[in-house]
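The values are calculated or read from the model by the stated rules, or taken from the named source; none is laboratory data. Source: prediction; values computed, not measured. Quick reminder, even Gly has a Cβ in these numbers, built from the backbone with ideal geometry, and neighbours come from all protein chains shown.
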């Protein structure tokens, strides 16, 4: 009887263990799906804030190309560029770029550039800058990030693409110059990348390319 009781107990424990594992796996899968959906919706919201839906008729979130440039996009990994078109005519590109020299590490950005080379807008996707100081780069914290709108490589000139402390036109934050300096540099570099690769970004057929390497730009 003792042996039978032990076997029954072991069987029940095994069943509970299997059921518990299945529940954990199901919960994890559901949570993973929700996280992925939330991230997609946040991305879509940012893309539409930078390039209004009325300005293009394609699915900007899926019309993408992967590019790589350590020198201009701040990472040896591929960065996604989202393309906006109207009746197949290029409208704008939203470049994912990295400012590697933030005060507390890398700052990930979206920089939207109209086909004519002017900036439609910029948004910070992620950062680890100091709360109350460096986090003023967030659109929710201040309007500073909107100061890039309408600018280009020609307005201001190269020297103007600096914070005021360094002789440029962009405000720095009280007690935090490193953060805005890093973002200004990253946005400027995104403009340089776009100027050098604009036609390549939009030159694609019915099938999207898997990746595009930036050639000979110092990366």
| field | Per-region count, segment 44-95, residues closer than 19 Å to residue 124 by Cα and free of Cβ contacts under 8 Å to residues at least 60 places away in the same chain | value | 13
| note | Scanning segment 172-185 for residues that are surrounded by 16 or more Cβ atoms within 10 Å (Cβ to Cβ) and outside any helix (DSSP H, G or I), the one modelled with the lowest pLDDT turns out to be 176
| task | Restrict the check to segment 152-159 and report whether at least one residue is in a helix (DSSP H, G or I) and more than 22 Å from the chain's Cα centre (by Cα). | result | yes
| request: Hey, can you tell me all the residues within segment 188-207 that are surrounded by 13 or more Cβ atoms within 10 Å (Cβ to Cβ) and at pLDDT below 85? | output: 204
| remark: Taking segment 78-115 and keeping only residues that are under 13 Å from residue 183 (Cβ atoms) and touching a strand residue (DSSP E or B) at 6+ places or on another chain (Cβ under 6 Å), one is left with 97, 98, 99, 100, 106, 107, 108, 109, 110, 111
| Members of segment 140-167 that are out of contact with any strand residue (DSSP E or B) (no Cβ under 6 Å at 6 or more places or on another chain), in contact (Cβ under 8 Å) with a residue 12 or more places away in the chain and within 18 Å of residue 102 (Cα to Cα) | 144, 161, 162, 165, 166
